[in-house]
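Below is one structure, written out as structure tokens; the observations come after it.
The values are calculated or read from the model by the stated rules, or taken from the named source; none is laboratory data. Not measured: the values here are computed from a predicted model. Methodologically, a virtual Cβ is constructed for each residue, glycine included, from the backbone with ideal geometry; neighbour enumeration extends over all protein chains shown. Note: accessible area is taken over every heavy atom of the protein model, side chains too, but ligands, DNA and RNA are not part of it. Shrake-Rupley method; radii C 1.70, N 1.55, O 1.52, S 1.80 Å.
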Amino acid sequence: MPLSLRLAWRNLWRHQRRTWLTVAAMALCNTLLIFMIGLQAGSYLTMLNNNLAVFSGHLQVQHRDYHDQPKPRFSVANGVALAARLRQLPEVSGAAARGMGFALLSSDKRSKAMQVIGVEAEYEASVSSIPGTLREGQYLSADTPNGVLLGQRSANHLKANIGSEITLLGSGRDGSFAASVLTVVGIVDSGMEEFDRNTVFIRLSDFQDIFSYGDEVSHIALLSASIFEVANTQAAIDGLIADRETLRSLDWDVLMPGLKQAIQSDIASALFIYTVLIIVVVFSVLNNQLMAVLERRKEYGILLSLGVAHRRLIGLLFTETALLALLGLLVGIALGGALNEYFAIVGVQFAGMEEMGEKFNLPARIHPITHPLTLLAGPIIVFIGSVFAALYPAIKLRHLNPVSARAGL
Amino acid sequence: MTNAVHCHQLCRKFHQGGQTIHGLDHVDFDVAAGEFICLTGPSGSGKTTLLNAIGGLDRPDSGDIAVGGVSLNTLDQGALADLRLAHIGFVFQSYNLIPVLSARENIEFILLMQGVDATERHRLADDMLREVGLEGLGSRRPSELSGGQQQRVAVARAIVSRPTLVLADEPTANLDSHTAEQLMALFAELNLRHGTTFIVASHDPRVQHFARRLIRMQDGKIIEDHPLAHD
Amino acid sequence: MSAKLPTTHLLALAWRNLWRNSERSVVMIGALAIAVAAMLFLIAMMRGLLNDMSQQNLRALPGDLQIHQPGYLDDPSIDYRMPWPSGDLLAELDGVGVARWSGRLSVGAMVASEREARGIQLIGYVPSREGQNSFNEWRLIDGDWPSDDSKGVVVGASLLEKLDTQLGKRIVLTSQGADGEIADIGARIIGVYRAEMAQLEERLVYMALPAMQSMLRSPDDIQQIAIFSRDPSRLLDVQSRFQQLLPSADIQRWDQLNSYLSAMLDNMDAIITVLIVVMFITLAFGLVNTLVMAIFERVKEIGLMLALGLKPTQIALMILAETLVLLLLGIAIGNAAAGLALLSLRDGIDLSAMAEGFAMIGAAPSLTPQFLWRDLWMCNGIVSVLGLACSLLPAWRAAHYSPIEALYRD
Ligand SMILES: Nc1ncnc2c1ncn2[C@@H]1O[C@H](COP(=O)(O)OP(=O)(O)OP(=O)(O)O)[C@@H](O)[C@H]1O
Ligand SMILES: [Mg+2]
């Protein structure tokens, strides 16, 4: 170890308790940061996955104007064939065409206006988790002509069971009268209350018949291998639909702007807390180093008188601070990492989480993520901030006059 | 009449690096009220140790001390503090003043703790400042006073509350001979007028000049104890 | 006689001791002030957001207290209806605890223009009974709100756009009638409003209660009685009075209506406490360090004071007083800073860039911080108490120095 490093190290331990207290402050802050960032990352990822996988998909192919004006006439021609071609792309892990319409649904006891979604029964499960939440009956298939799938809540509302007849009244794509009698074949529970209350599913072919869509569909929902590969997948899709000018692809960010913004505003408020935590810790380090410089005035005075340059002393001070910060970093990463690992297994449960879970389709427990980024981002900022904290003591040192310093003034 | 101070077979050992040092080695002596004693002896002979023991700052390993007839062995820390506050004035050898308080406030500090009211405190402190020759310097902080001036503030603080016993450790160490004589004259006057008992540890011959009894120590023992005659 | 420093002097001494190493104290006070200010600010923002979410949640159908048939809240169907109040209930509603009240209908319906169909929430209300603070808060941008006997509907601007229609045009509303049969009615759009949240603007369609009753073939029936209490602090009393009167009815306060919000409201104090404590603990290390150092460099002086006759408890009190002064300064500055920040934002922060995100959590894109004195006392109280607790150990140690050892230490 070079002499200056050794000197800095020893200086650090002149006041053991003081050093440990400051290290503890940094370590605690780092632990908190690692845990909270890990938890945030964990909940965002779950939130994204759960929300997108339920219905919207990572991407959709729509008519150019549909997103801004979701009108029936802005539809995708030859949707089923296009979906089949998209499914061939290696980047796409699932694709299914859908039709979207509104209608009044009536059982013999109740009526309710609801969203009617036509799905490609055999492919819907590759883009949506809803087929997997079947509670009763069976999913839509070729064997269920004019079958309808209800959500748990809409079934309750309509007082309908498997086999009940449901009358559909609405208007077709061309403005004509759309009507049909459907039979309940299954009941699903998406877990999202609002969605469940207001949505029913029928086969896409039935949808096209009832609402006069011909071979048109409203959109094609797509899933890529993971949320991180959406950009890639989108590029591949865009290549495939390049020849069809009326179409465009939209990623989840555009499809559900609320999701990203909700995450962003959550990040913003978390950043606020983190910033304050870091400032508080940086102040602790500043105080620590300020005290060190002040109590060593006489000693600095002697060294300066002996001909040691100011910048050497300042260098020493920064080395000492960096060592201090490094200790805080290491201890913090160790504790924070351990905490994260523990809760990654056990899961974290907050007050109000169940209710929130229903709102955002989250599980009741959140598992923090440990990733180099979540592990290092906070501690590195604390480290840099701490080293910066030595700036003020360094300025004081810079202006130290050997004679008055020796007198302890 | 009870003695102002009574010491019986006082022993105080210090252990330092495997060595045992006899700070006080079977010290026996009595001080009558109103005496003015000069405690002398070479450096390290045990003067400060003896004063600390009498003031109740340090407990001897064995032996008895009584101040004003009260045995210190029977008192707890709180009672010792009360005793010092009420009856004993201290002048320490090295560190004497509270740095955040001005000279006047340092003097008033004891009176404040004794519950003396503000106007009376100010009056007494101003009188005291004048008597020790620091008129006009009352509002200075210790760091703005010279060593000798600080020493005089310490003396003023020790006597302002009219204690019955004053323990002074080298009070003249930092003073020029004129100021030193003034200070000793002040001690002598208080001693005569109020019957205050003084025990002053010092190598300074000027102190011996004012004292009426000399106790010489060496290696923790009293080797000489006799009245001083003055003309 | 007992040695005692009067409190004023103790504080004066503490004050001077604090400024002996002024930089160190300033840094510590600064850290305290920043932490306190940030906490207060954040708490007010959280409260503001939650408050806004509760308000937005109620915007469609406001009311301090809402009475429904059991089952309605789970399944808002016309089947869960009740007659317009009469008899004892009417007497109680017109009694002293109630500022005003009204009956309403609210059912899911389909609205169709010539071009488009949409699912909406159709709300029937008695315009003359609803005060200024209800739906009317929403900006009417065109036309008029209905009068009690009008037959027209008021729709949100974005619904109007989605339906591709305009003011004065007719639309068809379809729902289920009280008899279970399909009920539909053609109605003219007589007003267009704008809400803070597009979500609501697209969903809520208003019409006068009598017109809606006749459409649903349920003359005189309503689904909800909304009560505005005269004194919000006595809402619980009012609630229990009505519950006694209507033992089988579902009577909810505004803060109970949404399970997520009521859980959040219940847990808010706990969340705030945890936040403050965590922040304080991070701060505490620096605080303890400052105190320990302040004592460490004053050992001789403390020895001197003990030698002069100051009692150990007085020494401890002196250290505590010093800590207290430090804490109070930090807290005062922090409170002032937070106060200024909140005051400058009292008209709300415009967050329209994040409108959809806020809509997703059910809040308007304008956030008005909500300051509660309770939060201020809680934050200041926790910081002072924990801060003093931090100084106990150093103070105790200082009090137990042996005077000569301290005095002669180098
Ligand atoms: N706390 C202590 N620990 C160890 N040894 C001590 C301690 N205090 C005093 N001594 C020793 O006890 C002896 C008496 O010391 P004391 O301070 O009483 O001498 P003194 O007569 O006051 O000397 P001086 O004239 O230099 O002030 C010395 O040998 C000293 O080294
Ligand atoms: Mg001595």
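The table that follows gives values for the structure above.
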| item | result |
| --- | --- |
| Unit charges at the beta carbon, dipole of segment C:87-211: most positive-side option, C:183, C:98, C:141 | C:141 |
| Charge dipole magnitude, Cβ of K and R +1, D and E -1 - chain A, Cα centre, debye nearest 20 | 2960 debye |
| Compactness of chain C - radius of gyration and Dmax, Cα, Å | 31.1, 100 |
| FRET efficiency estimate (nearest 0.05) - Cβ-Cβ, residue A:311 to residue C:297, R0 35 angstrom | 0.80 |
| Estimated FRET transfer efficiency (residue A:84, residue A:174; beta-carbon r; R0 22 Å; 0.05) | 0.25 |
| Coil-residue trypsin sites (Lys or Arg not before Pro) of segment A:102-209, DSSP, other Cβ within 10 Å capped at 15 | A:109, A:159 |
| Dipole magnitude of the protein assembly as shown about its Cα centre (Cβ charges: Lys, Arg +1; Asp, Glu -1), debye to nearest 20 | 3320 debye |
| Candidates A:259, A:324, A:373, ranked by Gaussian network fluctuation over chain A, Cα under 10 Å, top entry | A:373 |
| Alpha carbon convex hull of segment C:63-257, volume per residue in cubic angstrom | 115 Å³ |
| Computed E for residue C:19/residue A:244 - FRET, C-beta separation, R0 60 angstrom, nearest 0.05 | 0.20 |
| Where only C-alpha atoms are counted, convex hull volume of the protein assembly as shown per residue in Å³ | 237 Å³ |
| Accessible area (Å², per residue) of segment C:63-257, counting only protein heavy atoms and a probe of 1.4 Å | 42 Å² |
| Extension reserve of the residue C:336-residue C:88 stretch, reckoned as 0.36 nm per residue once the Cα distance is removed | 84.1 nm |
| Chain B, accessible area per residue, ligands and nucleic acids excluded (1.4 Å, Å²) | 42 Å² |
| 16 Å cut-off, amide nitrogen to a point 7 angstrom out along residue C:172 Cα→Cβ, residues in segment A:201-221 | A:211-212 |
| The protein assembly as shown - percent of accessible surface contributed by carbon and sulfur, probe 1.4 Å | 56 percent |
| Interface C:A - total buried accessible surface [probe 1.4 Å, Å², rounded to 100] | 5300 Å² |
| Spin-label pair residue B:64/residue B:173, simplified geometry with 7 Å Cα→Cβ offset, distance in nm | 3.3 nm |
| Rg and Dmax of segment C:187-337, Cα atoms only, in Å | 30.7, 95 |
| Pair residue A:345, residue C:281: separation of 7 Å Cα→Cβ label points (nm) | 2.1 nm |
| Candidates per GluC sites (Glu not before Pro) in segment C:62-147, loop by DSSP, up to 16 other Cβ within 10 Å | C:114 |
| Spin-label pair residue C:344/residue A:299, simplified geometry with 7 Å Cα→Cβ offset, distance in nm | 4.3 nm |
| For A:277-290, mean number of other protein chain Cβ atoms within 10 Å | 6 |
| Residue list for segment C:24-62, given a label point 7 angstrom along the Cα-to-Cβ vector of residue C:372 and an amide N cut-off under 15 Å | C:40-55 |
| Residues in segment C:108-126 that a label on residue A:71 would reach, taking backbone N under 19 Å of a point 7 Å out along Cα→Cβ | C:111-119 |
